[in-house]
Ligand code: FHN
């Protein structure tokens, strides 16, 4: 349940109040008398300019993203005025054009005709309890529903314009399906998020860069309505890409401003990377679509969104439903790489979720609820202690490894697990079966030999108890020595010398490390030492824009000193627990966007910003 926590904020930037008041005024429909903005909240830290750092926390470890990283499995809902056509449009010449949520554009439906059909939209059978019940029955723990798709039609009673379900439909004007969904989700302990398309086919000010700011003010006002009225846990942006019909002027700088504004509205919000330009430095997580990355994504959390059939919005003719077994395997695959799975349903014109969707979701929930198999997903993540096998997926939760076997061995056959670090497997059991599993050390890992058969056709889970070897207690580090120069060449006397808790900085276009440092043309050197908690091969990962180089124990291990846009660079280094390895990081910002993050991971350490307690200034 997304209950707003006390505002535990760090380096939260909020839109200057002057602009916020302008946004509120701009939200009013044309012609309405502007009323003075409500009493402004307490002054917020600078929203932009020198000294601003937009990195609010480490999404890999922060309390703010904890629910997202634990829940793993969500329901996507594509529901809007396009649903009223149910995937088909008959042109005046009698030919039939098919599409779902893109039907207006792809079928070239004239504006007035699309508005006319939207006026007949009447999702009277939309039942929030039933929708949430289907999500719950599937084992889904959050819901993301389209509040406004590319057609610009708002599914809540927005006051910004009349192109919405309250003012432009045949629907009961006393109802608010977003409020109904929020209430049902809250009762069921499921978090609610909103999808919101930046790209807007309907707003007259969208396509022209000269009038785009007017659209932008209305967009900000709508987003404020959603945050204020429904308290979403998450905002799922879309429609950020360069395109035409209509032209999309959205820029990375627009995304920077929007993300800053939203975090000022609610510091607990989780925001996806399509708020900007879908980069590793935008928002809190990446959004691969209709695909599952083969490994944890470097530098960012991630969530794979996928359809149940071939369409996001409802298409009455599309019966190409994925099997529940394949859906369970997708979910296991996602969790084993520390990702989330956002699986879509498209309600029909009356607001009903198609029965084949409900059936498959129920079968997924049955699998998750059987014999504790859900432990392989909820709160589980990258099974980094072992190589990912070809016979299934391995996720890890604490001292447990969940080997989800999709190709069960022939009688007497075994499953090989290749260890990535010194682990000792001390126990093994098949969830949902009392059959024995023999575990034998074999070459570079272990052989698992189950005595019986698979328990189901999706995946049979072998729960292993695996001792990952010694992990030292957290260190007592205070951070690294930081020297900041007001030039991009680290020359002269540093303008700022201080201890920096960690290297987790998003200065973006307008910010910089300190007030006396310009947004462009600066450089930073961090020096000190890093103390690992485990003795194994670590991956050091930098996310940088513009230049970066890293030395470990005096050796240059990352060298990307040519100016670049956001870049992820990695190095494998052997570290010894209890040893302080010397560390030097140099960074330069030439012009434009500016980011510098240093993360680590290892077989026994999930990816994270290298934490302060493991960093020392000397
Ligand atoms: O154009 C949209 C599409 O209609 C759908 O909403 C998907 C879901 O992620 N996003 C965009 C395509 O990437």
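Each value in this text was obtained by applying a stated rule to the coordinates, not by laboratory testing. What you see is a predicted model; the values in this text were computed from it and never measured. Cβ: placed from backbone, ideal geometry, glycine included. Neighbour counts: every protein chain shown.
General observations
- Using a cutoff of 8 angstrom between alpha carbon atoms and counting only pairs six or more residues apart, the relative contact order for segment 383-467 works out to 36 percent.
- Here the label points at residue 579 and residue 451, each 7 Å from Cα along the C-beta direction, are separated by 4.5 nm in the simple model.
- Estimated FRET transfer efficiency (residue 208, residue 551; beta-carbon r; R0 51 Å; 0.05): 0.55
- Estimated inter-spin distance, residue 350 and residue 245, nm [label 7 Å along Cα→Cβ]: 3.4
- Cα centroid separation, segment 346-374 to segment 451-485 (Å): 31
- Whole-angstrom gap from segment 130-202 to segment 92-115, using each part's C-alpha centre: 23
- Protection proxy ranking, peptides 278-290, 393-405, 315-327, average beta carbon neighbours within 10 Å, highest first: 393-405, 278-290, 315-327
- Estimated 222 nm signal from helices in the chain, with DSSP H stretches of n ≥ 4 weighted -39500 (n - 2.57), rounded to 500: -5500 deg cm²/dmol
- Highest-first arrangement of 537-545, 146-154, 85-93, where packing means the average Cβ count within 10 Å: 146-154, 537-545, 85-93
- Inverse mean reciprocal Cα-Cα distance (Kirkwood Rh) of the chain, Å: 26.1
- Base-10 log of normalised Debye intensity for segment 383-467 (one unit scatterer per alpha-carbon) at q = 0.13, 0.18, 0.27 Å⁻¹: -0.33, -0.67, -1.67
- The protection proxy used here, the mean number of other Cβ atoms lying within 10 Å of each residue, ranks peptides 103-114, 70-81, 223-234 as follows, highest first: 70-81, 223-234, 103-114.
- Segment 558-618-segment 47-62 distance, computed between alpha-carbon centres (Å): 17
- The mean sequence distance of close C-alpha pairs (under 8 Å, at least 6 residues apart), as a share of the length of the chain, puts its relative contact order at 14 percent.
- Its relative contact order, with pairs defined as Cα atoms under 8 Å and 6+ residues apart, puts segment 219-319 at 19 percent.
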